[in-house]
């Protein structure tokens, strides 16, 4: 099960946007105060086909998909594999 994160003020707004959405997308719950954690069960082929539909549905209700936010005190790895606090 893959996860994605949505910046939204309410879990119910995201849940309504994902109702009957393709690919088994569902709301897991609140990740932090501003971010909702969601999951999907799509393989890579289905994700390529259905992801634009999910993003569009979320955009229509005024929420956006974001990268996973860091939790307090957590060291986040940069995309190239090095840690964010290295110089």
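The values are calculated or read from the model by the stated rules, or taken from the named source; none is laboratory data. Predicted model only: the values in this text are computed from it and were never measured. Here the Cβ is made from the backbone with ideal geometry for all residues, glycine too, and neighbour counts use every protein chain on show.
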Handout entry: Selected residue (criterion: nearest to residue 25 (Cα to Cα)) from residues of the range 49-87 that are part of a strand (DSSP E or B) and modelled with pLDDT of 90 or more
Key = 65
Practice task
Working only within the range 20-50, note down all residues that are within 15 Å of residue 6 (Cα to Cα), without any contact (Cβ under 8 Å) to a residue 24 or more places away in the chain and out of contact with any helix residue (DSSP H, G or I) (no Cβ under 9 Å at 6 or more places or on another chain).
Solution key: 33
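Give 9, 46, 39 a once-over and let me know the one that is part of a loop (DSSP other than H, G, I, E, B) and surrounded by fewer than 17 Cβ atoms within 10 Å (Cβ to Cβ). Even if it seems obvious, please write down each step before you answer.
Details: 46 fails: part of a loop (DSSP other than H, G, I, E, B); 39 fails: part of a loop (DSSP other than H, G, I, E, B).
Going through 9, 46, 39 in turn, the sole match is 9.
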